[in-house]
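Enquirer: Please find one structure pasted underneath; my questions will follow.
Just so it is clear, none of the values below were taken in a lab; they were calculated from the coordinates. Computed from a predicted structure; not experimentally measured. Glycine also receives a Cβ, built like all others from the backbone with ideal geometry; neighbour counts cover every protein chain displayed.
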């Protein structure tokens, strides 16, 4: 678990240092849930505001059509819906690397997990 935490902090530092990243509104919500369950609301809001105000962070919307496409991908690749959303958006945008601790991304064609 400590290794997982260290890697997560490394990713956050890279983003804070200006690395350009793309995420979705659905994943921002997931991050908010995690932060709010582990830290004070004030601390969670501070971290979230840093992400949301960063010009190097692009946040994509997820509408009904994207969720429908992701649901089909979820069934085809046996993924959770939000992971399927990430994969669908990656394919749409031609993004090949993902920061994730989820090993099931290793089995999806056309992408790879970025290791720190």
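Enquirer: Assign one of three labels to the stretch 12-61, namely rounded, prolate or oblate, based on the Cα gyration tensor with a ≥ b ≥ c the square roots of its eigenvalues; rounded applies when a/c is under 1.5, prolate when it is not and a/b is larger than b/c, and oblate otherwise.
Expert: In terms of gyration-tensor shape, oblate.
Enquirer: Any chance you could list P(r) for the stretch 59-105, counting all Cα-Cα pairs in 10 angstrom bins from zero, rounded to whole %?
Expert: 28, 60, 13
Enquirer: Modelled label-to-label distance, residue 38 and residue 22, 7 Å Cα→beta-carbon offset: nm?
Expert: 2.6
Enquirer: Another one. Under a point spin-label approximation (7 Å from Cα along Cα-to-Cβ), what is the residue 65-residue 102 distance to one decimal in nm?
Expert: In this crude label model, residue 65 to residue 102 measures out at 2.3 nm.
Enquirer: A follow-up question, please. Relative to the first principal axis of the alpha-carbon coordinates of the chain, what is the inclination of helix 41-52, with its axis defined by its Cα atoms, in degrees from 0 to 90 and to the nearest 10?
Expert: The answer is roughly 60 degrees.
Enquirer: Taking 0.36 nm per intervening residue step and subtracting the Cα-Cα distance, what contour gain separates residue 92 from residue 54 on full extension?
Expert: On the way: separation 38, 0.36 × 38 = 13.68 nm, distance 2.28 nm.
Contour length minus Cα-Cα distance gives 11.4 nm.
Enquirer: How large, in Å, is the chain by the Kirkwood hydrodynamic radius built from its alpha-carbon pairs?
Expert: With all distinct Cα pairs of the chain included, I get 15.0 Å.
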